[in-house]
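What follows is a set of notes on a single structure, which appears directly below.
What follows is calculated from the coordinates using simple rules that are stated; it is not laboratory data. Since this is a predicted model, take the numbers as computed values, not measurements. Here Cβ is always computed from backbone atoms with ideal geometry, including for glycine, and neighbour counts include all displayed protein chains.
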Amino acid sequence: MKRLLNILVLSLVCSFGFGQGFNRKAQTAYSVGEYVVASQYSDSAIVSTEKDNSFTWLLRGYIYKSIWANVDTMSPSSNARETAIASFRQLRTMENADSADLAKGNKAMYTLAKSYYNDAVVYVNNNLLEKAEGSFEKYLSLSLEMYPEKDLSRQKIEFYNALGSRAIGIYNKYKPEKSEYYDMALSYYYKSFNIDSLDRSANYNIGIIYYNRGVDLILSMPDETDLEKIFEIQDKTVELFLLSKPFIKRAHNLDPTNKQIMEAGKGIDWQIGDEEGVKEWDEKLEQTE
Amino acid sequence: MFVFRFASLIDWPSNYKSGSFVIGVYGDKNVYDLLVKDHGNKTVGAQSLKVKLFNSSSEIERCHILYIDKSKAAEVKDLASKYKSQASLIVSDRSEGLKNGAMINFLFQNNRIQFEISKTNATKSKLVLNSQLAGYAVKVE
């Protein structure tokens, strides 16, 4: 009996200390959906001799990816997703990685990268704009880590424009409160503009946001506003209209038949008393009819 | 905004201080719409505000303030002469308004709306312009 116990203990020591023991157990647990148990074996595998096997990191990535998807129900704050990414990243750095493991790891890692983009979209829809931006930045950095040559400019422009539109929507709903959303919108639109200064939407959005702010200042003046204050506000509005003008002009050059842009241009010139400008916009509008 | 603000910076004769306070707009529906939208249900002192739009000079009735759009600038002289005996504040826009009899004339300078005033023309119509107006006018006659 004592001999039998010794053999049993020796067998356990072997299975925990050598060969593919942890991975095998992890794989077994993983295959029946016991992801948390599988993760415990996998955590042991990466501090054992199995850590030099690319499959160890692939499996760990899969396991934590499954925890994120099934246990944490794809929660954006799940640490499991980060652990999965770290595992796939480790796999990518291994010089002797199995090419099939590497391909599978890359595919899974890119899926997780895209999940950050999906989180960002959900955050936008829930008006959690800073969180949306954070998730989007995470998506960008992961995507570029995997495919450094990938051009994400268009996607960035569209996303920042969407963030800007959402921010200005919130500002318009609650103004004059929540003025921080006006600043946020402007900063998002400028991010788009700084990526491509010839982007029509970025130019139009920046132009319109300045213009509307000027109009808001005029319309929000109380009846009892004295002349000194009226002139003071007028200075601010003129500054905003003049800021708006080059953006609207550029948007018009990029989209010369767009009537909405022409109306905006006309509105600006009207506000700053540029009669010639108003006349030119009127002529252009007439030609577009 | 300026047009409505002028209402509290002018002293009208006592026979103009009862009934509605009338601002007439001649020739610019946009200005009329803005005045109605922003100030339509307001009062000037104890008088309720009434904004009227006139499309032709024959439609013009007695007003406390008559705003004449720049598209009707050529008619300022005739209108000022016609209503000289009434205490109507005639406000013109970017014409030689004061020379033609208006009491206040708007003009654009450095992209900003400014105004000039004529105390002489105001006095002829028994209107007293508040000194604050002179303080902000680019020109005082």
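Considering only B:K119, B:K84, B:K17, the Gaussian network model of chain B with Cα springs below 10 Å gives its largest mean-square fluctuation to B:K17. In the range B:51-141, Cα pairs under 8 Å separated by at least six residues give a relative contact order of 21 percent. Couplings for the range B:13-18, taken from phi via the Karplus curve 6.51 cos²θ - 1.76 cosθ + 1.60 with θ = phi - 60°, read x, 4, 6, 9, 9, 10 Hz in order; Gly and Pro are left as x. Across the range A:242-254, computed HN-Hα scalar couplings (Karplus, 6.51 cos²θ - 1.76 cosθ + 1.60, θ = phi - 60°) run 6, 5, 5, 3, x, 5, 5, 5, 5, 4, 5, 4, 7 Hz from first to last residue, x flagging Gly and Pro.
Ranked by the mean number of other Cβ atoms within 10 Å of their residues, highest first, the peptides A:112-118, B:51-57 fall in the order A:112-118, B:51-57. A simple count of charges around A:I218, restricted to other residues whose Cβ falls under 15 Å of its Cβ and scoring Lys, Arg +1 and Asp, Glu -1, yields 0. Each 5 Å bin from zero up to the one holding the largest Cα-Cα distance in the range B:88-136 carries the following percent of pairs: 5, 24, 30, 25, 11, 4, 1.
Nearest-5 percent of antiparallel DSSP beta bridges in chain B?
35
Enclosing the Cα atoms of the range B:54-109 in their convex hull gives a volume equal to 73 cubic angstrom per residue.
GNM on chain A, alpha-carbon springs under 10 angstrom: the most fluctuating residue among A:A167, A:A103, A:A26 is A:A103. In the protein assembly as shown, the calculated helix contribution to ellipticity at 222 nm averages -19500 deg cm²/dmol per residue, counting -39,500 (n - 2.57) for every DSSP H run with n ≥ 4.
Subtracting the Cα-Cα distance of A:N253 and A:F231 from 0.36 nm times their residue separation leaves 4.6 nm of extension gain. Note that the range A:72-174 shows a convex hull volume over its alpha carbon atoms of 92 Å³ per residue.
Is the C-alpha gyration tensor of the range A:57-99 telling us rounded, prolate or oblate? Criteria: a/c under 1.5 is rounded; beyond that, a/b larger than b/c is prolate, otherwise oblate. Verdict is prolate for the range A:57-99. The three principal axes of the Cα atoms in chain A give end-to-end lengths of 105, 41, 27 Å, sorted in falling order. Ranking A:L198, B:N30, A:A108 by how far each Cα lies toward the positive end of the dipole of the protein assembly as shown (charges on Cβ) leaves A:A108 at the top.
Counting charges near B:A87 (Lys, Arg +1; Asp, Glu -1) among other residues having Cβ under 11 Å from its Cβ returns a value of +4.
Modelled spin labels at A:S77 and A:T28, positioned 7 Å past Cα toward Cβ, are 3.6 nm from each other.
Put simply, the Cα atoms of the range A:169-278 extend 43, 36, 19 Å along their principal axes, the longest span coming first. Cross-link partners for A:K284 among the lysines, with Cα-Cα distance under 16 Å and sequence neighbours closer than 8 places in the same chain left out: A:K249, A:K259, A:K266.
Over every Cα atom in chain B, the radius of gyration and the widest Cα-Cα span, Dmax, amount to 13.6, 40 Å. Between A:L144 and A:N125, the simple spin-label model (points 7 angstrom out along Cα→Cβ) gives 2.8 nm.
Largest GNM mean-square fluctuation across A:F193, A:F231, A:F136, computed for chain A with C-alpha springs under 10 Å, falls on A:F231.
For A:T83, neighbours were defined as the other residues whose beta-carbon sits under 12 Å from its Cβ, and their charges (Lys and Arg +1, Asp and Glu -1) total +1.
Each Lys and Arg adds +1 at its Cβ and each Asp and Glu adds -1 at its Cβ; summed about the Cα centre, the protein assembly as shown shows a dipole of about 780 debye.
Between B:G45, B:N110, B:C63, the Cα set farthest toward the positive side of the dipole of the range B:1-127 (charges on each charged residue's Cβ, about the Cα centre) is that of B:G45. Counting only residues at least eight positions apart within a chain, or on another chain, the lysines with an alpha carbon under 16 Å from that of B:K42 are B:K17, B:K50, B:K52.
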